[in-house]
Amino acid sequence: MSNYNKSTNFAVKDTLTSGDPEKVVSGAEIDNEFNSIASAVTSKADKVPAATTDNFAALDANGNLKDSGDTSSSFVPTGFGVPTGSLTAFAATTAPPGWVECDGRAINRSVNSDLFNVIGTTFGNGDGSTTFNVPDLRGEFVRGWDDGRGVDSGRSFGSAQLDQMQRITGRISNRTAFVGDNVTENRGMVTGSENSSSRHTGGSTNSGGTFYFLDSANSPDARVSDTTDGETRPRNVALMYIIKT
């Protein structure tokens, strides 16, 4: 790549006295300057080897032009961009340029070197040599890493948890029943029944037991169709998590 250097200093010609033959600007001088300008512009601005149409040009470590891989839709000035490895919830089903859906996929380490340098193999080792995995956040809630606070202790960064319900404890007292009684109790979430072999007769207790069953769907005013199921969750909206590459 060439730099433009003037061959003729036209400003100096202006200082010469009238009649000095050097004061005259020749056509050859003008033509030479335009050719030098054209050569410098062509070599510096127009030539990007293996460039993709509409991508911005960038400089490599040696000052040579290269394809940046960025288009006008993904370009953000240095210092104002989103850091590589950032997560966000996206309100569409296709990730924008420069982002990848967090679906656990394996992506190339070289092509995505910036992201690989940030997250490494935390979320999967890929094929062990040329690829690595992005987080799989499909259907997941994201929780802040405890990092020694003690609220969610024992967790390593990037680890997953199964769903869980906080422990509920209480006490249920047996009732006294006599042979011949048919006893079925319904106390909301707790239901119980006693068979004849477990009932008291004249103050004595025969062999057997009283069985109680817990089902939160039977709690008062429970809307079984939409609030009881196979997991515990808050109200939510389904969006797509994406990660900056």
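The values are calculated or read from the model by the stated rules, or taken from the named source; none is laboratory data. Just so it is clear, the structure is predicted and the values come from calculations on it, not from any experiment. We place every Cβ from the backbone using ideal geometry, glycine too, and count neighbours over all the protein chains shown.
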Requested in this report: From (1) surrounded by 13 or more Cβ atoms within 10 Å (Cβ to Cβ); (2) part of a helix (DSSP H, G or I), pick out the condition that doesn't hold for T121.
Outcome: (2)
Requested in this report: Can you confirm whether the stretch 18-26 contains a residue that is at pLDDT below 75, not small (G, A, S) and not in a loop (DSSP other than H, G, I, E, B)?
Outcome: no
Query raised in the report: Right, N32: outside any helix (DSSP H, G or I), farther than 30 Å from D114 by Cα and either polar (S, T, N, Q) or modelled with pLDDT of 80 or more (or both) or not?
Result: no
Query raised in the report: Among the candidates R167, R138, which residue alone is part of a loop (DSSP other than H, G, I, E, B), at pLDDT 95 or above and under 26 Å from R235 (Cβ atoms)?
Result: R138
Report summary line: When (1) surrounded by fewer than 12 Cβ atoms within 10 Å (Cβ to Cβ); (2) outside any helix (DSSP H, G or I); (3) modelled with pLDDT of 80 or more are applied to N3, the one that fails is (3)
Query raised in the report: Is it the case that G79 is under 30 Å from the mean Cα position of the chain (by Cα) and either at pLDDT below 75 or among the β-branched types (V, I, T) (or both)?
Result: yes
Report summary line: Scanning the stretch 234-245 for residues that are part of a loop (DSSP other than H, G, I, E, B) and surrounded by 10 or more Cβ atoms within 10 Å (Cβ to Cβ), the one modelled with the highest pLDDT turns out to be L239
Query raised in the report: What do you reckon, is D136 out of contact with any Ser or Thr (no Cβ under 6 Å at 6 or more places or on another chain) and surrounded by 13 or more Cβ atoms within 10 Å (Cβ to Cβ)?
Result: yes
